[in-house]
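Reading through the structure tokens given below for one structure.
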Amino acid sequence: MASPRLKYLSLGVLVFQTTSLVLTMRYSRTLQAEGPRYLASSAVVVAEVMKILTCVLLVFKEHSYSMRALNSVLRQEIIHKPVETLKLAIPSGIYTLQNNLLYVALSNLDAATYQVTYQLKILTTALFSVSMLGRRLGVYQWLSLLILMAGVALVQWPSDSASEKEAPSAGSQFVGLAAVLVACFSSGFAGVYFEKILKESKQSVWVRNIQLGMFGLVFGLFGMMAYDGERVRESGMFQGYNMVTWTVVALQALGGLVIAAVIKYADNILKGFATSLSIILSTLISYFLLQDFDPTSVFFLGAVLVIVATFLYGYEGKPSPNPSRA
Ligand code: C5P
């Protein structure tokens with residue numbers, strides 16, 4: 001059983017990271033950009049490189065800063081165990097697919113519908129945790145997940161002024177919704193699959209993350225050349241980068257590390273609570289600092305539901321013993 005200190009620390013850092021990422025992204029939208037905008041596909045690649053480098057540093061630290069030990073553990077675990085390494089291609093490929101599906105969803109749906117429907121991933125994650133990890137959830141916990149899903153959906157519910165924008169066509173809505181639904185299943189599956197790999201072996205979470213990141217980097221490079229190859233050849237992959245872009249990319253890389261720590265020391269379901277709380281937190285901070293949001297009573301009802309759900313989930317206390325030694 002992982003130490004409770006690491007569990008709550010990793011969840012706390014996740015709330016902090018998600019909140020800062022959302023705020024920085026909103027802030028970057030309010031800035032007057034000069035020259036070309038940065039390429040999102042390039043940001044994905046740079047974030048993967050940062051993640052891999054940081055994980056290598058963390059493994060280096062785990063081995064008391066010995067170059068020899070680092071070299072040998074990377075060789076043994078990554079190169080000499082190709083089957084173990086290949087297992088990570090599955091969540092990595094699914095995450096890449098998911099990131100693209102969400103792009104399709106956002107281009108075919110309005111942002112609010114997208115955000116609200118994507119919350120279904122709270123339930124798919126719970127279903128995969130039960131079926132793949134043998135986790136057992138009590139009635140109160142299922143109920144709290146339903147309340148959490150409803151709460152986050154309400155928090156993101158568009159206010160009247162926002163919903164007056166022109167609605168996407170029915171066909172486009174269908175494509176968008178289908179993309180979100182598939183992304184909900186892929187998010188639940190990839191997260192729980194990664195959790196299974198982490199919890200079934202003693203291998204360091206950072207070595208696992210290097211394996212995941214290597215595939216992510218390869219898929220990301222393919223994605224960048226497929227979507228933006230022309231522009232990269234013209235003006236390079238760092239076109240449009242400024243300080244805010246670097247901050248967003250660094251926060252995204254930090255996100256990958258924190259999510260891995262949360263999955264290892266807590267679990268995917270608790271991760272859902274942490275990100276839901278940070279949605280409320282970033283919305284409130286955005287209201288006070290950036291004044292780009294007008295909270296409605298629906299928002300407050302949603303926020304109360306998220307908080308109630310969080311307490312209710314813990315209320316039943318100890319989850320039943322988990323046969324998959326989580
Ligand atoms: O929406 P969801 O919570 O499934 O998104 C998880 C995100 O975290 C994905 O974009 C995935 O690429 C990223 N991730 C990561 N490193 C991990 C696990 C997830 O970068 N070890």
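As a summary of the residue check, residue 129 satisfies the conditions (1) open to solvent by 30 Å² or more (accessible area, probe 1.4 Å); (2) in contact (Cβ under 8 Å) with a residue 40 or more places away in the chain except for the one numbered (1).
Of the helices (runs of 4 or more DSSP H) entirely within region 197-305, those holding at least 3 residues that are under 14 Å from the mean Cα position of the chain (by Cα), modelled with pLDDT under 95 and assigned by the TED database to the domain that holds residue 24 occupy 243-265.
I'm trying to understand the selection: among the residues of region 163-206, which are of a type outside the set (Gly, Ala, Ser), more than 23 Å from residue 128 (Cα to Cα) and more than 12 Å from the ligand (Cβ to nearest atom)?
Here is the first cut: in region 163-206, the ones of a type outside the set (Gly, Ala, Ser) are 164-166, 168, 173-175, 177, 180-182, 184-185, 189, 192-200, 202-203, 205-206.
Cutting the leftovers down to more than 23 Å from residue 128 (Cα to Cα) gives us 164-166, 168, 173-175, 206.
Of everything in region 163-206, those that are of a type outside the set (Gly, Ala, Ser), more than 23 Å from residue 128 (Cα to Cα) and more than 12 Å from the ligand (Cβ to nearest atom) turn out to be 164, 165, 166, 168, 173, 174, 175.
The residue that is farthest from residue 120 (Cα to Cα), counting only those in region 250-276 that are buried (at least 22 other Cβ atoms within 10 Å of the Cβ) and more than 10 Å from the ligand (Cβ to nearest atom), is 266. When region 183-206 is limited to residues that are closer than 17 Å to residue 257 by Cα and among the hydrophobic types (A, V, I, L, M, F, W, C), the one that is most open to solvent (accessible area, probe 1.4 Å) turns out to be 206. Restricting region 57-113 to residues that are of a type in the set (Lys, Arg) and more than 16 Å from the ligand (Cβ to nearest atom), the residue that is least open to solvent (accessible area, probe 1.4 Å) is 81.
If I filter region 277-305 down to residues being more than 30 Å from residue 59 (Cα to Cα) and within 16 Å of the ligand (Cβ to nearest atom), which single residue comes out as most open to solvent (accessible area, probe 1.4 Å)? Before you say what the answer is, go through the steps one by one.
Step one: filter region 277-305 for residues more than 30 Å from residue 59 (Cα to Cα), giving 277, 279-305.
Add one more test, that the residue is within 16 Å of the ligand (Cβ to nearest atom), and what stays is 277, 279, 282.
Numbers: 277: 62, 279: 42, 282: 4 Å².
Applying the filter and picking the extreme gives 277.
All conditions in (1) touching a residue at least 40 places away in the same chain (Cβ under 8 Å); (2) open to solvent by less than 30 Å² (accessible area, probe 1.4 Å) hold for residue 37, with the sole exception of (2). The residues in region 132-148 that are exposed (fewer than 15 other Cβ atoms within 10 Å of the Cβ) and within 12 Å of residue 267 (Cβ to Cβ) can be counted, and the count is 0.
The values are calculated or read from the model by the stated rules, or taken from the named source; none is laboratory data. Keep in mind that what you see is a predicted model, and the values were worked out from it rather than measured. All Cβ positions, even for glycine, are placed from backbone atoms using ideal geometry, and neighbour counts span all protein chains on display. Accessible surface is based on the protein model in full, side chains and every heavy atom, while ligands, DNA and RNA are left aside. Shrake-Rupley method; radii C 1.70, N 1.55, O 1.52, S 1.80 Å.
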